[in-house]
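Below is one structure, written out as structure tokens; comments come after it.
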Amino acid sequence: MSYYFTIIGTRDNPLFEVEFGTSKVGGDGIAHFRDEAKHMNQFIVHAALDIVEEIQWTNKDMYLKRIDSYQNNHVHCFLTGGNVKFMLLMNPDPMATTYSAYSTSPPSRPSTARQSTTLLAASPNSQATEEAVRAFMLEVYEHWVKCIMNPFYQVNQVVTSPVFQNRVGTAAKKYL
Amino acid sequence: MPAPTTATATATTNNNPPTPLDFKESDTIPLPPPKPFQPSLRHPASRKSIYDRALSRPPSSTSLPAFAHLFNTLITYHHAKSASVSEIEGRLNRAGYPIGIKMLDLLLYRQGGKAVRPTRLLDLLQFVHGVLWRGLFGRAADALEQSTSKREEYMIVDNEPVVNTYISIPKEMSQLNCAAFVAGIIEGVCDASGFGTEGVSAHWGEGDEMWPGKTIFLLRFQEKVVEREEGIKAAGG
């Protein structure tokens with residue numbers, strides 16, 4: 001179970017990104033994405049931005065729930081009032097996900113697959129998943145508002161604060 | 001004869017593999033290696049950062065004299081730098097703009113879990129008229145009107161803007177309304193929520209005996225915003 005979380009500015013520019021794994025049910029809190037997933041994750045998340053733009057005028061909620069999925073990846077989105085997108089990509093078994101048509105990928109390991117059935121991304125539409133992601137997003141939103149309240153922060157500036165990064169990591173540990 | 005000498009020199013250089021420092025002959029200059037990232041964040045003695053501060057506001061926390069002093073300094077600064085009334089208003093507007101962008105998310109956060117983004121023009125106007133005004137001045141604005149002649153123009157009326165409480169305008173600049181600062185905040189809120197404007201401006205509401213300081217904020221939305229709004233309406237959303 002691995003997560004990729006990124007904050008996208010109003011001009012579809014990335015402001016912050018972090019990878020982490022689950023800390024629940026024996027997870028070690030470290031993302032286990034394969035090498036090719038590093039850029040595929042960014043690609044999948046940016047592809048999902050089109051869907052965000054489609055539904056952002058018909059859905060008033062800030063948490064737009066699961067908006068897209070590609071193979072084993074599920075993308076959840078939280079849209080702030082200022083049109084900044086929090087995108088969370090979750091993958092229950094990243095080592096088994098094939099991104100290309102070539103048969104270079106190792107077969108799915110049954111042990112991890114069985115373990116991940118109790119995890120959130122195994123049922124990306126379930127109530128429990130949505131509640132956990134909502135709680136996570138709301139906590140990040142709180143820190144985000146504190147971050148932009150900094151008088152020296154200008155819109156669409158990249159967030160480099162290690163304190164912000166720690167807070168996001170803590171929220172991830174708590175909910176995901 | 002200098003020319004053949006130069007040619008020989010170039011030929012010799014071409015035969016040798018180029019050394020990293022030898023970039024005078026070529027027209028490309030190698031970029032310096034990127035500096036390693038060094039965090040320049042400094043902590044105060046208490047080790048508390050902005051992330052440790054609470055976002056919910058104690059009721060009526062800012063003192064009006066303190067604000068009036070700051071606002072006065074702001075106007076004096078921009079007055080000294082501008083040549084015309086419209087330039088002062090433009091500068092005050094730009095000073096308020098980033099505040100608007102930030103206020104939007106702060107106010108939505110304070111509404112708690114039930115907060116919704118303003119997605120329709122009327123929602124946004126009511127947000128500015130009610131929530132924003134209460135957040136800034138502790139009361140709602142006095143009126144919200146739509147222009148009768150142009151469909152993209154809306155007006156928000158404040159009978160007695162708090163920001164103008166201690167501002168007196170000299171005779172030769174009677175057109176100046178320092179609530180242009182508030183207009184900038186409104187513009188920031190509109191822009192951030194995806195309703196681009198052609199500009200928000202503050203005008204004196206003339207001829208009102210009861211409220212001599214009456215100010216009208218004119219919001220001119222972009223054509224595409226109005227078109228999108230009608231598109232959503234037509235789709236039944």
Within segment B:219-237, residues being open to solvent by 30 Å² or more (accessible area, probe 1.4 Å) and touching a residue at least 24 places away in the same chain (Cβ under 8 Å) number 4
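To keep it simple, each residue is scored yes or no on (1) open to solvent by 20 Å² or more (accessible area, probe 1.4 Å); (2) farther than 18 Å from B:PHE67 by Cβ.
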site: B:LEU125; (1), (2): no, yes
site: B:HIS129; (1), (2): yes, yes
site: B:ARG139; (1), (2): yes, no
site: B:TYR154; (1), (2): yes, yes
site: B:ILE167; (1), (2): yes, no
site: B:GLN175; (1), (2): yes, yes
In this structure, is A:VAL75 at pLDDT 85 or above, closer than 22 Å to A:ALA31 by Cα and buried (at least 21 other Cβ atoms within 10 Å of the Cβ)?
yes
Reported set for segment A:121-137 where residues are touching a residue at least 40 places away in the same chain (Cβ under 8 Å) and either within 24 Å of B:TYR97 (Cα to Cα) or not β-branched (Val, Ile, Thr) (or both) is A:ALA121, A:PRO124, A:ASN125, A:GLU130, A:ALA132, A:ARG134, A:ALA135, A:PHE136, A:MET137
Among the residues of segment B:160-196 satisfying the criterion of being touching a Gly at 6+ places or on another chain (Cβ under 7 Å) and assigned to a loop (DSSP other than H, G, I, E, B), which is nearest to B:LEU121 (Cα to Cα)?
B:SER193
Considering only residues that are open to solvent by less than 30 Å² (accessible area, probe 1.4 Å) and among the hydroxyl-bearing types (Ser, Thr, Tyr), look in segment A:120-144 and name the one that is nearest to the other protein chains (Cβ to nearest Cβ).
A:TYR141
Condition (residue is acidic (Asp, Glu), within 23 Å of A:VAL84 (Cα to Cα) and either open to solvent by 20 Å² or more (accessible area, probe 1.4 Å) or touching a Phe, Trp or Tyr at 6+ places or on another chain (Cβ under 8 Å) (or both)) applied to segment B:180-188: is it met by at least one residue?
yes
Only residues in segment A:152-163 that are within 14 Å of A:THR10 (Cα to Cα) count as the first member; pair them with residues that are in a loop (DSSP other than H, G, I, E, B) and open to solvent by 30 Å² or more (accessible area, probe 1.4 Å), Cβ under 8 angstrom, at least 6 apart or cross-chain, and list the lot.
A:VAL155/A:THR10; A:ASN156/A:THR10; A:ASN156/A:ARG11; A:ASN156/A:ASN13
Could you say which residue among B:LEU92, B:LEU132, B:LEU106, B:LEU121 is closer than 16 Å to B:VAL200 by Cα, within 17 Å of the chain's Cα centre (by Cα) and within 14 Å of chain A (Cβ to nearest Cβ)?
B:LEU132
Subset tally (residues that are surrounded by 18 or more Cβ atoms within 10 Å (Cβ to Cβ), over 30 Å from B:ILE75 (Cβ atoms) and basic (Lys, Arg)) for segment B:96-123:
1
Can you name the residue in segment A:145-176 that is more than 10 Å from chain B (Cβ to nearest Cβ) and of a type in the set (Gly, Ala, Ser) and, of all such residues, is nearest to B:SER40 (Cα to Cα)?
A:GLY169
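Filter segment A:134-154 down to the residues that are in contact with an Asp or Glu (Cβ under 9 Å, 6 or more places away or on another chain) and of a type in the set (A, V, I, L, M, F, W, C) and list them by number.
A:TRP144, A:VAL145, A:ILE148, A:MET149
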Tell me, yes or no, whether segment B:31-50 has at least one residue that is modelled with pLDDT of 75 or more, touching a helix residue (DSSP H, G or I) at 6+ places or on another chain (Cβ under 7 Å), away from chain A (no Cβ under 14 Å) and open to solvent by less than 60 Å² (accessible area, probe 1.4 Å).
no
Long-range neighbours under 6 Å by Cβ, at least six apart or interchain, first residue away from every other protein chain (no Cβ under 14 Å) within segment B:175-204, second of a type in the set (Asp, Glu):
B:ALA180/B:GLU89; B:THR197/B:GLU187; B:VAL200/B:GLU187
Within the set of pairs 6 or more residues apart or between chains, which connect a residue that is closer than 16 Å to B:VAL182 by Cα inside segment B:135-154 to a residue that is open to solvent by 70 Å² or more (accessible area, probe 1.4 Å) and part of a loop (DSSP other than H, G, I, E, B) with Cβ atoms less than 8 Å apart?
B:GLY138/B:SER60
Would you confirm whether any residue within segment B:56-70 is open to solvent by 60 Å² or more (accessible area, probe 1.4 Å), assigned to a helix (DSSP H, G or I), in contact with a helix residue (DSSP H, G or I) (Cβ under 6 Å, 6 or more places away or on another chain) and under 26 Å from B:SER168 (Cβ atoms)?
no
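Any idea which of A:PHE5, A:PHE20, A:PHE16 is of a type outside the set (A, V, I, L, M), under 22 Å from B:LEU104 (Cα atoms) and in contact with a strand residue (DSSP E or B) (Cβ under 8 Å, 6 or more places away or on another chain)?
Numbers: A:PHE5 fails: under 22 Å from B:LEU104 (Cα atoms); A:PHE20 fails: under 22 Å from B:LEU104 (Cα atoms).
Matching residue, one of A:PHE5, A:PHE20, A:PHE16: A:PHE16.
Would you please name the residue that is nearest to the chain's Cα centre (by Cα), looking only at residues in segment A:55-72 that are open to solvent by less than 30 Å² (accessible area, probe 1.4 Å) and in contact (Cβ under 8 Å) with a residue 40 or more places away in the chain?
Step one: filter segment A:55-72 for residues open to solvent by less than 30 Å² (accessible area, probe 1.4 Å), giving A:56, A:62-64, A:67.
Within this subset, residues satisfying the condition of being in contact (Cβ under 8 Å) with a residue 40 or more places away in the chain are A:62-63.
Numbers: A:MET62: 15, A:TYR63: 13 Å.
So the residue we want is A:TYR63.
The values are calculated or read from the model by the stated rules, or taken from the named source; none is laboratory data. Being a predicted model, the structure only gives us computed values, none of them experimental. Cβ: placed from backbone, ideal geometry, glycine included. Neighbour counts: every protein chain shown. Keep in mind that these areas ignore ligands, DNA and RNA; they rest on the heavy atoms of the full protein, side chains included. Shrake-Rupley method; radii C 1.70, N 1.55, O 1.52, S 1.80 Å.
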